[in-house]
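Dropping a structure here in structure tokens format, bear with me for questions.
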Amino acid sequence: MKPQLQMDINKIKHNVRELVKKANDKNITITGITKGVCGNIDFATALVEAGVDYLADSRMENLKKISFLDIKKMLLRSPKMSEVNEVVQYADYSLNSEIVVIEALSEAALSQDKIHNVILMIDVGDLREGIWFEDEQIIYRTISAILQLKGVHLVGIGTNLTCFGGIIPTQENYGFITRLAATIRQTFGIELPLVSGGNSSSLHMLYGGVIPIGVTNLRVNQSIFLGTEIAHGHYLENWESDVIRLQAEIIELQTKPSLPQGKKAYMNAFGKPLSPIDKGIRKRAILAIGRQDIDINGLKAIDEGITVEGASSDHLIVDVTDSNQSYEVGNRVSFRLVTYASVLSGMASSYIDHVSIHKTV
Ligand SMILES: *Cc1c(COP(=O)(O)O)cnc(C)c1O
């Protein structure tokens, strides 16, 4: 049997309902994102059933997968020039920062008798996508150019935070975006209904009641399955955090010293020098999963007596000495996934089975 990732659909729905209620109370719509789980259909369906206003993904492969769901869809990553036709076909909206791409989208839309909705991204400091917020001339010049195009409709501006530079949303940077939107509306006489703020790192502001008025949409991905906000890593009140679990099988269970013996190489197979602590003789299990399957740093054993010691490409080594349970070769060990990197890598892995479970919460 392959290792298994189990996604609890009811917990996902519960978290999304909490999120949607909190946001809609403040006149903020929610874009539910499927990229963290590779466009998983059960996950996407749960988001729609729990009331998100839009579905979004950064990849066209995933948007195609969920195209049968009856909801407006957004492409999160700036379209590739080579995929504009598909973008217009499968996405109602896309996030953009390059005028040449927006021009190509307009052409593609006209050829399909469509109008494609464009959100112009502004970089307020995180240094990923978007026109740099201090380059006002470029912002206004780009908007003028977009408004000349017949195949696209400029529906909003947006900003992305935390993903690259680790910068969190604040009154200051969100305040800037909302003031910019107001100025654009005035200058160009357009509606510009969407002011789309980033990410799971905004939820501390939503819960603290300090999101500046004027932010009208939030795009949320990892909080839905981690159950935490991302600015400080705090659990969200009344949210479920044990949403995705991994199970892997024991292939060796033996008693060994906790320190390697012999002459050391300059590194191990993954470049990190080994510096284990001497805990004496320990009972160690090897599980049939490794770094080729999943980012092992986000694995936390459900059994509190088990610690993860490390892994190579295909072997995960855990210490079971302090566990109350008596494990045997062939048993499976369960873990919670507590980081985004673990969920992302595990969901993308073809060595792992992905199953949805529908337990009642
Ligand atoms: C991934 C992504 C998000 C969501 O980020 P999380 O912090 O994981 O919720 C929002 N917007 C864009 C453009 C993204 O690429």
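Residues that are β-branched (Val, Ile, Thr) and within 21 Å of Leu337 (Cβ to Cβ): does the range 48-56 have at least one?
no
Just for strands (runs of 3 or more DSSP E) wholly inside the range 265-361: which have at least 3 residues that are under 23 Å from the mean Cα position of the chain (by Cα)?
299-301, 332-337, 353-357
When Asn173 is evaluated against the numbered criteria (1) within 21 Å of the chain's Cα centre (by Cα); (2) within 16 Å of the ligand (Cβ to nearest atom); (3) not hydrophobic (A, V, I, L, M, F, W, C), which criterion, by number, is the only one it fails?
(1)
Only one of these is among the acidic types (Asp, Glu), more than 30 Å from Arg282 (Cβ to Cβ) and surrounded by fewer than 22 Cβ atoms within 10 Å (Cβ to Cβ): Glu249, Glu191. Name it.
Step by step, each of Glu249, Glu191 is checked, and only Glu191 is among the acidic types (Asp, Glu), more than 30 Å from Arg282 (Cβ to Cβ) and surrounded by fewer than 22 Cβ atoms within 10 Å (Cβ to Cβ).
Condition check: at pLDDT 95 or above and among the aliphatic types (A, V, I, L, M). Does Leu194 satisfy that?
Here the answer is yes, as Leu194 does meet what is asked.
Among the residues that make up the range 244-261, is at least one of them within 16 Å of the ligand (Cβ to nearest atom) and assigned to a helix (DSSP H, G or I)?
no
How about the range 35-53: which of its residues are surrounded by 22 or more Cβ atoms within 10 Å (Cβ to Cβ) and under 17 Å from Ser196 (Cα atoms)?
Val52
Just need a number here: residues in the range 202-236 that are touching a Phe, Trp or Tyr at 6+ places or on another chain (Cβ under 7 Å) and more than 14 Å from the ligand (Cβ to nearest atom).
Qualifying residue count, the range 202-236: 2.
Could you list, in sequence order, the residues of the range 297-318 that are surrounded by 15 or more Cβ atoms within 10 Å (Cβ to Cβ) and among the aliphatic types (A, V, I, L, M)?
The answer is Leu299, Ala301, Ile306, Val308, Ala311, Leu316, Ile317, Val318.
Might you check whether a residue that is of a type outside the set (Ser, Thr, Tyr) and in a strand (DSSP E or B) occurs anywhere in the range 196-216?
Yes; the residues of the range 196-216 include at least one that is of a type outside the set (Ser, Thr, Tyr) and in a strand (DSSP E or B).
From the list Gly214, Gly208, which one is surrounded by fewer than 23 Cβ atoms within 10 Å (Cβ to Cβ) and at positive phi?
Of Gly214, Gly208, the one residue that is surrounded by fewer than 23 Cβ atoms within 10 Å (Cβ to Cβ) and at positive phi is Gly214.
How many of the residues making up the range 260-288 are exposed (fewer than 13 other Cβ atoms within 10 Å of the Cβ) and under 24 Å from Ser323 (Cα atoms)?
Residues meeting the conditions: 7.
Name the residues in the range 165-181 that are closer than 13 Å to Met121 by Cβ and either of a type in the set (Phe, Trp, Tyr) or not in a helix (DSSP H, G or I) (or both), would you?
Matches in the range 165-181: none.
The values are calculated or read from the model by the stated rules, or taken from the named source; none is laboratory data. Because the structure is predicted, anything quoted here is derived from the model rather than measured. When we count neighbours, we look across all protein chains shown, and the Cβ atoms used for this are built from the backbone with ideal geometry, even at glycine.
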